[in-house]
Structure formats: C-alpha cells, structure tokens
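What follows is a short report on a single structure.
The values are calculated or read from the model by the stated rules, or taken from the named source; none is laboratory data. Keep in mind that this is a model prediction, so the values were computed, not measured. With ideal geometry, Cβ positions are generated from the backbone for all residues, glycine too; neighbour counts draw on all protein chains shown. Surface areas here come from the heavy atoms of the whole protein model, side chains and all, with no ligands, DNA or RNA. Shrake-Rupley method; radii C 1.70, N 1.55, O 1.52, S 1.80 Å.
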Amino acid sequence: MDKLINEFSFGLFFWQLLIFIGLVLLLKKFAWKPILDAINERESSIKDALSSADIARKEIESLNEENQRIIKSARSEREALLKEARNTGSKIIEDAKQEAKDSANQLIKQAQESIESEKRAAIQELKNQVAGIAIQIAEKVLHNELENKEKQNKLIKQLIKETKL
Amino acid sequence: MLKKIHLKTLILIFLGIGVVSANDFKGSTKNNKEDIKEYILHHLQDSHDFNLLSYTNDKGKKVHFGIPLPVILWDNGLKIFSSEKFHHGETVAQIGKDYYKLHHNKIYKTNSKGEIFYDESSHPTNVTPIDFSLTKGVVSIIFTSIIMFFLFKSLADSYKKNNKIAKGIGRYFEPIVLYVRDEIAIPNIGEKHYKKYMSYLLTLFFFIWFLNILGLTPLGINVTGNIAVTFCLALITFLITNFTAKKVYWKHIFWMPGVPLPMKIALAPIELLGVIIKPFALMIRLYANISAGHIVLMSLISLIFIFRNWLGSSLSFILAFSISIIEILVAVLQAYIFTVLSALYFGFAVEEHDHEDDH
C-alpha cells in the first residue's frame, strides 16, 4: 500500500482525468451519439423491413388460400354444370326419341287407317263396277237370248219346266 | 485486400514485441539479476522522457536513444523545460535560480550539487515540486485519445456517407460497439437507463483496451499498469455511480428494506464500505493485472539473456512468445471486466424495485 501511494503521481492523474473526461465528451458528440443513432436507425429499419416482409408473406399466403378456394369452387361449379348439361342432353335426346316414336306410330296408324279406308273404298268401287258389269252382261245375255220368238218361247218353257208348282 | 494488410500489420506488431523488447537488454554488460530487476521496475514506472533504447558504449558511458518530453513544474510559479536537462537523472537541471534532479523517476528540488538527503527509512527528504510534466504516460494517453477520436469519428462519418453501413477501418469496431451495448450495458443497466452511460462505457472500454495493447508493443509503455491512471478511471466510475444513483440505491445502503431493525443498523456501515471497496477493487484489479503481465513478460525476455545458451534461451523465447499471446487476451479481458463491473455498479445505482418488500 505504501508502495502504491509512493508510486502515485499526481501529474499523471491530473492529465489522465482531464484528457479522459475531454475524450468522453468529444467522442460523445462526434462519435458515440452518431454511431449509436445510426445503428439504432438501421436496426429499426431492418426490423420494419422484416415485419413488412412478414406481412407481405402472410398476405400472399392468404391470397393463395383465396385462389385455391376460388379454383376449388370453380371446379365444383363446372362439375355441377357439366352434370346438369349431361342430364339435360340425355333428357332432350330421350324426349326427342319419344316424340319421334310417337309421331312415327301416329303416322303408321294414320297410314294404316287411310289404307284401310282406301281399301274399303276400292272394294266398294269394285263391287259397284262388278255389279254394273254384271248387269251389263246380264242385259247383253238377256238381249241375246230374247232376240227371236222361238228362243223366247223356249226359255219360257224351260222356266216353266223348272218352276214346279 | 485491405483486411489482409490490417491482419499482417497486427501480426507483425505482436511478433515484434518479444524481439524488439529484447533489444533493450543487448547493451547491458553485466546482465545480472539485480540489473534486470531494476530495469523492470524502472519500466513499470512513468518516465519523463520517451526512451526507446539505451546501452553502455565502449567508453563505459550510457547512451540513450529517445525523445525528451516537456517537464512542467509548479514551484512558486510555472516552470516549463525539456527533460533533456536531467540527462536521465545523471545531472542536475538548473532552471532560473532553482536546481532539480530526477531520482527514481521523481523530480526533487536540490542544491546546486544535486544532493539528495534521506531519512531513516531511506526516503528522500528533499522538497518535491508539483509535477504536471507531459510524461511518457501522458503522451501515450494523448496519442491513444487522438487515435480513438479519429477512428470513431471516421466510423461515425462513414454511416452518413454510406447509407447507414459502416465503412473503412472503423467497421471492424462496429461489432465491438454493438457488443458493449448489447452484452455489457443493456443486461447490466437495463433497457431504460443504459443510454446515458453508453458514452462513458464505450470510451472506457476502448481506452483501456487500446492502452493495454499499446503496453504490449515494443515501445515499452505502461499506462494502464499505473496506479494514478487506474485510480482516475475507478474514481470516475465511483463518481458517476453515486451521482446518478436513485433513492432506492441509497435506501439499500443506509436502511436495507426487509430485514429486522438491528440488522439494518449492522448492514449500513458494511454497505457504505462496499460503495468504496467496489471502485477500489476496480483500480487494483486493472493495475495488478497489467503490471503483473509486464513483469512476467519482461522477466521471461530477460531470461533469454541470463541463460545465454541455446536451450534455455529458446525455451524462454517460446515462453515469452506464449505469454505475449496470453497478454493480448488479458488486454481485452481486463478492458471488458472493468467495463462490465462499471456497468454493473451503474445498474445497481439506477435499479428500480417495483416490489420493495420481496427481499
């Protein structure tokens, strides 16, 4: 301890105190304050950038989710539409078929009916004509048979003969 | 490329420590242990001239190479003269009507013959004028301060020029500034109060560190191993601690809450003593560590010249080299410890207890 006190130099202490305090004040003004301020500013700007990047990422994520959702709903909608279209198509075809069948049936029926009536008319006509022809033939035959007296007599005789009383 | 050059320079400087320091001994003819002890103790003290090399020439006369520094004395008026006049303590310096002599790095007022008188315990009884000389230590402090000022100013300016990114040599110190803030100041003092202590803590750390490193160069400077310097630093820490202390701090010293009344009375003087012991320990720790480092290093280098044979000298060289490396670590470690403990004391001073009765 005695040695320490003996070694203590007041001059050195004085200069050290003076220079050191001066150095602290000078550095505070010209170095530490600007350095720490710059570092703080830089740190806060990095922090801001990071947080905004985070927000952007979250936004993108939510957008992606939204997109997925939209795609999904679009797909299901398309499916539903397709299904409906398919149903409608087959129904239309079915209906068309039915209609065609119906109209065909009707046509056939009409045709049959008209054929029937035509047939009947033709038969009627034929009957009439045959009757006319038969009358004409009978007329001609009778005319022929009854040309002379003799033949008339003969016929009468025959008819009388055939007719038994 | 720039980085490589910096690294090379540093390595060269540190490799030079052992080699050039050893140069100091080359001229010593006796090389005995007493001489070396004297030399080491002399080196540990502050000196009035910046001596780089001294040897004894063929005629048996001591030759010194170095820079004389200004001597400033207060002895019935200011007296300024060059330390050349002392001739390294060999002759008496006449300034006006007064005579001064350098004896063991201290200036004494003497008669014209330069006689020094001793008391029974062999302390000189001559009058000692108040010595404000710009000694080797003061010059080193000024040199370090200038380096620090320009280094950190360039760092501060580089932020403005380069869009908040550090550039140039100051860039290497930015992580350390951040370390002091994030690992020393904030954990010990707290987020709320640390800002007002930052300037002091940063200056303290780099000041001690740079001077410690400067002490390892072959220039033979020993500033942080000087009690006056460590006392000054510890005193500033002590003053800042007590002047910024909050009510809670003083309450914990004089009237410890949460303990019985007799304990309160018993604790007060102990706590009060602690206020002084804490900075006192700071002072002694730095002084002792750096002094011890210098003594060990110089002793090991001296061993090279005591052995004067291949095996012993090379072993001593290897040892001295390893110790030099360790000393580089100690240099930063001591700066760190001084700063951490200062921060811790500041932390005690501004501590706030929300729940006072929890002790």
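Taking B:Thr203 as the residue in question, decide whether it is surrounded by 22 or more Cβ atoms within 10 Å (Cβ to Cβ), more than 10 Å from chain A (Cβ to nearest Cβ) and either among the polar types (S, T, N, Q) or part of a helix (DSSP H, G or I) (or both).
Spelling it out, it is not the case that B:Thr203 is surrounded by 22 or more Cβ atoms within 10 Å (Cβ to Cβ), more than 10 Å from chain A (Cβ to nearest Cβ) and either among the polar types (S, T, N, Q) or part of a helix (DSSP H, G or I) (or both).
Take the residues of region B:114-136 that are more than 10 Å from chain A (Cβ to nearest Cβ), polar (S, T, N, Q) and over 19 Å from B:Thr91 (Cβ atoms): which is surrounded by the fewest Cβ atoms within 10 Å (Cβ to Cβ)?
B:Ser122
Run down B:Phe86, B:Phe50 and say which single residue is over 22 Å from the mean Cα position of the chain (by Cα), closer than 26 Å to B:Phe143 by Cβ and of a type outside the set (Ser, Thr, Tyr).
B:Phe86
Can you pull out the residues in region B:236-254 that are in a helix (DSSP H, G or I), at pLDDT below 90, of a type outside the set (Val, Ile, Thr) and buried (at least 16 other Cβ atoms within 10 Å of the Cβ)?
B:Tyr249, B:His252 - these are the residues of region B:236-254 that are in a helix (DSSP H, G or I), at pLDDT below 90, of a type outside the set (Val, Ile, Thr) and buried (at least 16 other Cβ atoms within 10 Å of the Cβ).
Quick check on my filter: what residues within region B:115-137 are touching a residue at least 60 places away in the same chain (Cβ under 8 Å) and of a type outside the set (S, T, N, Q)?
Selection gives B:Asp131, B:Phe132, B:Leu134, B:Lys136, B:Gly137.
Examine region A:23-39 for a residue that is more than 8 Å from chain B (Cβ to nearest Cβ), over 36 Å from the mean Cα position of the chain (by Cα), more than 26 Å from B:Asp131 (Cβ to Cβ) and of a type outside the set (A, V, I, L, M), and state whether such a residue exists.
yes
Out of (1) in a loop (DSSP other than H, G, I, E, B); (2) open to solvent by 20 Å² or more (accessible area, probe 1.4 Å), the odd one out for B:Leu178 is which?
Failed condition: (1).
B:Tyr55: more than 25 Å from the chain's Cα centre (by Cα) and at pLDDT 70 or above, yes or no?
Spelling it out, B:Tyr55 is indeed more than 25 Å from the chain's Cα centre (by Cα) and at pLDDT 70 or above.
Could you list, in sequence order, all residues of region B:217-235 that are over 9 Å from the mean Cα position of the chain (by Cα), open to solvent by 10 Å² or more (accessible area, probe 1.4 Å) and more than 7 Å from chain A (Cβ to nearest Cβ)?
Those that are over 9 Å from the mean Cα position of the chain (by Cα), open to solvent by 10 Å² or more (accessible area, probe 1.4 Å) and more than 7 Å from chain A (Cβ to nearest Cβ): B:Thr217, B:Pro218, B:Leu219, B:Gly220, B:Leu235.
Yes/no matrix, rows are residues, columns are (1) closer than 30 Å to B:Ile186 by Cβ; (2) of a type in the set (S, T, N, Q):
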site: A:Gly11; (1), (2): no, no
site: A:Gln16; (1), (2): yes, yes
site: A:Leu23; (1), (2): yes, no
site: A:Asp54; (1), (2): yes, no
site: A:Glu84; (1), (2): no, no
site: A:Ile93; (1), (2): no, no
site: A:Ala96; (1), (2): no, no
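Give all pairs with beta carbons closer than 7 Å in which a residue from region B:163-181 that is facing chain A (nearest Cβ under 8 Å) and among the acidic types (Asp, Glu) meets a residue that is open to solvent by less than 80 Å² (accessible area, probe 1.4 Å) and part of a helix (DSSP H, G or I); count only pairs at least 6 apart in sequence or on separate chains.
Cβ pairs passing all conditions: B:Glu174/B:Leu155.
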